[in-house]
Structure formats: C-alpha cells, structure tokens
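Since the structure comes first, as structure tokens, the remarks are kept for the end.
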Amino acid sequence: MEERIQEKLKILADAAKYDVSCTSSGSNRKNDGKGIGDTGSGICHTYTEDGRCVSLLKILLTNYCIYDCAFCVSRSSNDIKRAAFTVEEVVSLTMNFYRRNYIEGLFLSSGIFRDADYTMERMLRIVKKLRLEENFHGYIHLKTIPGASEDMVTEAGLYADRMSINLEMPTEVGLKLLAPDKSHTEVKRELGVIRAKTVQFDDERKLIKSTPRFVPAGQSTQMVIGATAETDRDIMQTADQYYKAFSLKRVYYSGYIPISTDNRMPIIGTPPPLIRENRLYQTDWLIRLYGFDVQEILNETHQHLDLDVDPKLSWALRNFHLFPIDINTAEYRLILRVPGIGIRSAQKIVAARRFGKLRIDQVKKIGISYNKAQYFIRCVDTPFQLNERDEQTVKQLILRTSQSKYLKNQFQQLSLF
Amino acid sequence: MIVYVYDGGFQGLLTAIFEAFARKQDVVKLTGESRFEPGFFDTSVRVRTESAKAERVWLGLQKKIGVEGQQRFYKAFLSEQAEVLQHLFKYAQYVFRNPDGYAENYGNDDVLAMAQAAQKVHREKHRMEAFVRFKKHQNGLFMATIYPDFNVLPLICQHFKDRYADQPWVIYDERRDYGIYYNGSTICEVVLASKPRALTEQDVMETGLDSHELLYTTLWKDYFQSTNITERKNKKLHLQHVPKRYWRYLTEKMA
Ligand code: SF4
C-alpha cells in the first residue's frame, strides 16, 4: 500500500510539473480558530533544483487521458506508466503535507478520464472533502477540465481559491496544429463563465455581506512557448488581450521541453528556450506593473524581444532621446522606466528627494543597479558629458560590465525557426 | 567617547535612547553588557533598563514613525548586530530631532541602515515561515528545529498560531537555544532540557516519531525530486533561493 502510493505520487507529480504556476497568494482565507490553515502569505516552501518555487502539492488526479495533444506527456498515444489517485489519497496527502509545513496547499489538475464531467466530478469531490470534512483553509488551485458542465465548474469555484484553464498554444492556429480536439473558443467560454460568476458574487456581496467568496484568487492561464512558430509579439498580444478580457491574475509562459518525436515540434534534446521565457515574463511585468503598453515593446518593427538585453533596457535604448532624466525632478512613472531601477527603489527615490537633492552615492545605496541606470539618469553631482554617448556605445558598455549575467547560456538563444 | 552599556534587550535599547535624550549626550557608543570591553579613553555609563522610560520612547516613536515604522524598528533590532543597534540608536535621535516625515529620508545613513536591516530580518522571517519542517511525534506533537541568522521566533509565532490552530507544535531555535510551544490554545516560550538533534532515520526509534512520519518524509523527498525538471537545471538560482546554511533542517535536503 505504501509502495503503491509512492509510485503513484512519482508518476502523477512528474506529469503535473509542466504546469508552471505555483502561486499561492492573492486569496485571504482565514482559519476560524478551530480548523487548519490559512491563505494569503503565498509562501514558497522550497525551490526545485531548476530554481522554481514549490508552494503547492502539484499533482494530477490521473494521467490517463482520452485525448492526444501532441505537446503533452500524458497524451493517449504516449507509451508511459499510468496511474490514478483515489479521492481519499489526494485528501490525505494534502493534509499530511500541509500539517508538516511542506506546502501552502494543493494544485490539482487531471488528464481526461472517460469524459470531462466524470473527471471534474472527482475533482469536485476532493475539494469539497478538504473544505467541508477536513476543515482545510489552505490554498486550492483547480485546473478545470475543458468541456466540463457549467454547474460543476461553478460549484468548484465556491471551494477553490484559484481556477485556471490553459490556452496551451499562443494562437488558435498553433493549437489546432498540435491538438485538433482543443480550441481557444472553449477556453474563452470557461474563463467567461468564471468571470461572470465572480462579478455576480462581488455584486451580491455589496448587498449581502455573508455572500461566499468565489474563486478569490482569480483565474490564470498558461501558454507553451517555442513548440510552435509564434512571434513574441503574437504571444504578448494574446496575453494582453486575455488579461483585459477576463481580468486574469496571471498568464504563465512555459518554455517547451521536447518530450515527443512528433515532427511538428522541436526534436528531443533541444534545450528549452529559457532566456526567451524569461524575457516574456519580464515583458509581462513591464505591462502589469511598470505602466508599459505592449505596443511600446513589441510591434510591427519589433516582433521579437532581444535576447541579449532585458526588454526595459532594450526599450530605453530604442528611445534613447528620452534620456537622461533628472532623478531629482522626473515624475515617478518616468523613474520606473529607467533600466536598473525597480519599483521599490523608485519609491525610495521619490520619498528621499523631498529632503534634498540626491547624489550618486545615495541612489547607489538605495539599491538601484547603477551600472545600468547611470547612462539614463542625472543626479545632482552627475558630471556633464561633453561628447554624448550613443545607444550602441551604451549597450556595449553595459554588456561588457555584466557579461556573466547576459551572455551565459548563449547557446540556448539560437532561434528554433 | 561616551559608552552606554545596556543589557542588550529591546527595553534596554529604548531606555538608552531615553537617557541620551535626557542628558543631551548625542555622540554615544552603545554596547551590550556581554560585549563590553572598557577602552582607556572612554567614559562608560551603565544604563539601567526601566520599562517606564522605554515605554515613553516607544510611544514617542509611534507618533513619529507610526506602527509600521515601529515594526520595522523592532525587526531591525532582532538582527542582533552591533552596527545595526548603533544605527537604531542614532536613527531614533534623528527622527526625534527632526520634523515628521524625516523617517523617509533614505539619503540619511541611519534611516537607510534601519530600513535595510529590517528588510533583511523580514526576509529571514519569510524564509523561516517557509523552511520550518514539522515532524509528527507519537504523542501528536509537531516538532521543528531551526537555526536562523536572526532572532525571528518572535516574528513568526503569530503566523504559525493562525495556521496550525488545531495541532500542538514546537519550533525550536537551536542557535539561540529557546523555542516556542503552542498547546492548542496559547503560545509560550520553552527551553529544552536535552537539545534536539537533526533526525536521521536511525534516530526514529529512540525519538518516538509517529509511525507514519517516515512515510511522509519519504513522499515529500520523492515529490521534491519528481517536480524538478532536469532540462531546466539552474543550480545558481536554486542556491540563491535556498542557501546552503538552511539545508540542515530541510527534510527534502536530508540524505
Ligand atoms: S487533454 Fe490535457 S492531459 Fe489530455 S493530452 Fe491534452 S493536454 Fe494532455
């Protein structure tokens, strides 16, 4: 029995790991003082050897699947070991891991066994048992099953903190190529159902305080990057569109790791496009938190992100005429746009300059990456530069001083197409 | 140089700030009793901790820097580092002497040092909330040992109390040799008669672990392995997030 559960966990955790989301924040479920657990702190309990946060017990209910999506390890034509947890097993694993402070909660997803509703019904039983019988207030992320009935999806939303459904490929064309049974229309339908319910519950709560929370940590989705030929612009435009249309909390970008000999995709052994993935995340941040518009970073003339420098630096170099800005007078939103200055430092700068003009040594201490920022800002003691540098020189200067960070793993930068 | 020798506690620090203000001695070196080595040219002053004085300084700070500022001040104190304590001393003098709002002047060395120390301690508080690993014992008690750089137990106890409200637990700081114990309703400080050790599989019999403990330890280690994607291996990033000094009590990192 113990060996069996060990084997199941290996198989079903292994198959679930390609879903990169491990967020456990954004919800605020309080313990009633007698039960166990709470959410809201979004703790990463450990990190994998590839440096990803481990916050949730991320498993599939089963890796049996009736579909054959080419990009997926669990596809029906793949010759792998299959397993399925019982409802009780998932509940007991979650509780026992949680009580030992290994995890923040559960991320449950599943292959489609028999049909969508049959699978969804079991997932629903798990979340209900956790919440109602175990009095569990930790985090639950449910990946809904495409095509499951609206009733069941809605009911699950009463118990889960976050729900997600993956776009899988950045464009409908790409998806149809690799997974003819799937469509973005279906994804949109489900995201729409949850979105509408969330709005409805929020409205009701304005009138009746005790209205339960519905998917309090919101929805997210994931796209696989580099399995099909989309440009970075395609990817970020899709992301932006979904952020806006469905108020998504996050879009995840997962660099494709070749797992199939299917000749529609990169061959096995091709390194995953990690730098590209990282640049996409950086762009995502610029859009969500730094006040950039996608168009400013990716457009008709710039279809791909630079691999050798980050997107903020790349934007600043392309708009070199806007700099340098004066750190002592520029608006906060402009300071945010300086390469090497993050949100926290920008806030500190704006707070500190009220007490006197800031010098170079002060902004350095505040924690900006001066090495990068120096070409884009003026402090009160910045010397005047007689022959102004151009953007090419600046790029070279920055690259030279931060070689290790930018140029390592360069072999991975070769574009696949 | 005037040297203030105080008991090293939080109230002691606040009392020292009070004394310096009352005696108008602003250039003062602060030393904890245990670290005190009288220098030849120094005049030393013994600060006797008085809670009434400490209280007044604490309330004064609240007026100047708010509750959030107080929390940061306290966090910085828990770093237990001599330079930081000196900065805190000067920081308090600085905010008391200047109009409201100066606590945000990050151009000032003491303001910045206090913010940075508080940040560091806060980061470790976060880390400990993540890295505590309980082992269940036969008597139902969940036990964890930690070895943090800073004295973070006072900062993490509320978190664990809220979260594990229905199970008794102990978190023990081995470096400082004290722990906190939650019995299902309240928290108290404890010192163990015999020190706990990192548990190895052979220890299981003697230490009275729950019969399922080994199973869950193994499952967790397996899970940690399975969730890794070898194609993405990035040791540097891994170490940045989980520095080696924390490994000794992390179940997934034990042999
Ligand atoms: S339906 Fe889901 S689990 Fe099944 S093959 Fe497609 S992606 Fe994989």
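What follows draws every value from the coordinates through simple rules; no lab data is involved. Since the structure is predicted, the reported quantities are computational estimates derived from the model, not experimental observations. When we count neighbours, we look across all protein chains shown, and the Cβ atoms used for this are built from the backbone with ideal geometry, even at glycine.
Observations
- For A:Q392, net neighbour charge (Lys/Arg +1, Asp/Glu -1) across residues whose Cβ lies under 15 Å away: -1
- Rg [Å, one decimal], Dmax [Å, integer] - the protein assembly as shown, C-alpha atoms: 27.7, 86
- Computed magnitude of the charge dipole of region B:2-122 (debye, nearest 20; Cβ of K, R +1, Cβ of D, E -1): 240
- Under Karplus coefficients 6.51, -1.76 and 1.60, residue-wise ³J(HN,Hα) of region B:41-53 in Hz, glycine/proline x: 9, 8, 9, 9, 10, 7, 9, 8, 4, 10, 5, 5, 5
- Calculated [θ] (222 nm, deg cm²/dmol) that DSSP helices of n ≥ 4 give over chain B, each run adding -39,500 (n - 2.57): -14500 deg cm²/dmol
- Out-of-range pairs (alpha-carbon distance over 29 Å; input A:K395/B:K125; A:K182/B:K236; A:K10/A:K197; A:K357/B:K125; A:K17/B:K161; A:K10/B:K236): A:K395/B:K125; A:K182/B:K236; A:K10/A:K197; A:K357/B:K125; A:K17/B:K161
- Taken as Cα centroids, region B:213-244 and region A:35-95 sit 15 Å apart, rounded to the nearest whole angstrom.
- Extension gain for B:R175-B:T43 works out to 44.2 nm (0.36 nm per residue, less the C-alpha to C-alpha distance).
- Tally of Lys pairs whose C-alpha atoms are under 25 Å apart, taken over region B:2-122, 8 or more apart or cross-chain: 22
- Region A:332-397: proportion of alpha-carbon pairs further apart than 17 angstrom, %: 41
- Residue pairs, from the table B:K135/B:K244; A:K30/A:K249; A:K30/A:K206; A:K143/B:K244, whose Cα atoms sit over 23 Å apart: A:K143/B:K244
- The slack in the chain from A:N135 to A:S183, taken as 0.36 nm per residue of separation less the alpha-carbon distance, amounts to 13.6 nm.
- Charge dipole of chain A (Cα centre as origin; +1 on each Lys and Arg Cβ, -1 on each Asp and Glu Cβ, all else neutral): 1520 debye, rounded to the nearest 20.
- Computed FRET value (nearest 0.05) for A:V193 with A:D293, which takes r as the C-beta separation and R₀ as 22 Å: 0.15
- For chain B, a Gaussian network of Cα nodes joined below 10 Å ranks B:Q71, B:Q240, B:Q119 by mean-square fluctuation, and the top entry is B:Q240.
- Each label was represented as a point 7 Å from its Cα along the Cα-to-Cβ direction; for A:R213 and B:A22 these points are 4.8 nm apart.
- Amide H contacts of B:L209 (H built 1.01 Å from N, under 5 Å, at least 5 apart or other chain): B:Q138
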